[in-house]
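Below is one structure, written out as C-alpha cells; comments come after it.
Read-outs throughout are calculated quantities, based only on the coordinates presented, and are distinct from any laboratory measurement. Worth saying up front: this structure is predicted, and the values here are computed from it rather than measured. Glycine gets a Cβ as well: all are built from the backbone with ideal geometry, and neighbour counts include every protein chain shown.
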Amino acid sequence: MLPVVALVGRPNVGKSTLFNRLTNTRDALVADFPGLTRDRKYGQATFDRKQFIVVDTGGITGDEEGIDAHMAQQSLLAIDEADVVLFLVDARAGLMPADQGIAEHLRKVNKKVYVVANKVDGIDGDSESADFYAMGLGTVYQIAAAHGRGISRLLDTGLNPL
Ligand code: GDP
Ligand code: MG
C-alpha cells in the first residue's frame, strides 16, 4: 500500500491546485468558489522516485452545517487514513479562526502534520506566514501551488519519513 498524503484546510486555500500539481492532472476542480470539492478525491503522485497517494478534500469552514458538515466529515476521514497531512493555509488571507480550529484538531491526532502557507507569489512570504507559527504546528512551509514554487522543499521534508 502506498503512503497517503492528505491535503486539508479551509476552502479556497489552494488544496485542489496543489493536488493537480502533485498528480499532474487537472482532475480536481479548481475555482474561485469556496468548497467546490465536496468529497475526497484520490490521485497518484511521484516525487524523487517515491510514489504516494494524494487525497484532496473539500475543506473545513469551522462553521459546519448541511453540506459544509459533510465536507468537514470527509476531511476528518482523510486525516484519519493519511500517513502525512499537509495543512494548507492562505498566506494572503492570513490566520483565520477556521485555521485555528483545524490546528486544534491536528495537534491532537498522532500524524505527521506540515503547515503549508500557499499563495506566497508576489507577496512577502516570510512576513505574511509568520502568524501561522502561532498554531503550534512547527515550521511553516511557503509555497505557490499555482506556480509550482516551494513544493520540492516541502516534499523533501514531508515525504522523508515515508
Ligand atoms: P481549494 O478550495 O483549497 O481546493 O482551492 P483551489 O485550489 O480551488 O484554489 C482556490 C483559488 O486560489 C483559485 O482561484 C486558485 O487559482 C487560487 N490559487 C491557488 N494556488 C494559488 C497560488 O499559489 N497563488 C495564487 N495567487 N493563487 C492561488
Ligand atoms: Mg478544492
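Most simply put, the chain has about 30% antiparallel DSSP beta bridges, counting only bridges with both residues inside it.
Once you put a point 7 Å from the Cα of ASN110 and another 7 Å from the Cα of LYS50, both along the Cβ direction, what distance in nm separates them? In this crude label model, ASN110 to LYS50 measures out at 2.1 nm.
Computed over the Cα atoms of the chain, the ratio of the radius of gyration to the Kirkwood radius (Rg/Rh) comes to 0.92. When the scattering of the stretch 72-119 is computed by the Debye formula from its Cα atoms alone, each counted once and equally, what is log10 I(q)/I(0) at q = 0.21, 0.23 Å⁻¹? Calculated log10 I(q)/I(0) at the listed q: -0.74, -0.87. For LYS111, a cut-off of 21 angstrom between C-alpha atoms picks up these lysines, skipping any fewer than 8 places away in its own chain: LYS15, LYS41, LYS50. Applying 1/(1 + (r/R0)^6) with R0 = 25 Å to the Cβ-Cβ distance of LEU77 and ASP124 gives a FRET efficiency near 0.10.
Can you tell me how much longer the chain between ASP131 and THR157 gets when fully stretched, taken as 0.36 nm per residue apart minus their C-alpha distance, in nm with one decimal?
Stretched out fully, the ASP131 to THR157 stretch lengthens by 7.2 nm.
So how do SER152, SER75 line up by other beta-carbon neighbours within 10 Å, fewest first?
On the way: SER152 11, SER75 25.
Least crowded to most crowded, the residues run SER152, SER75.
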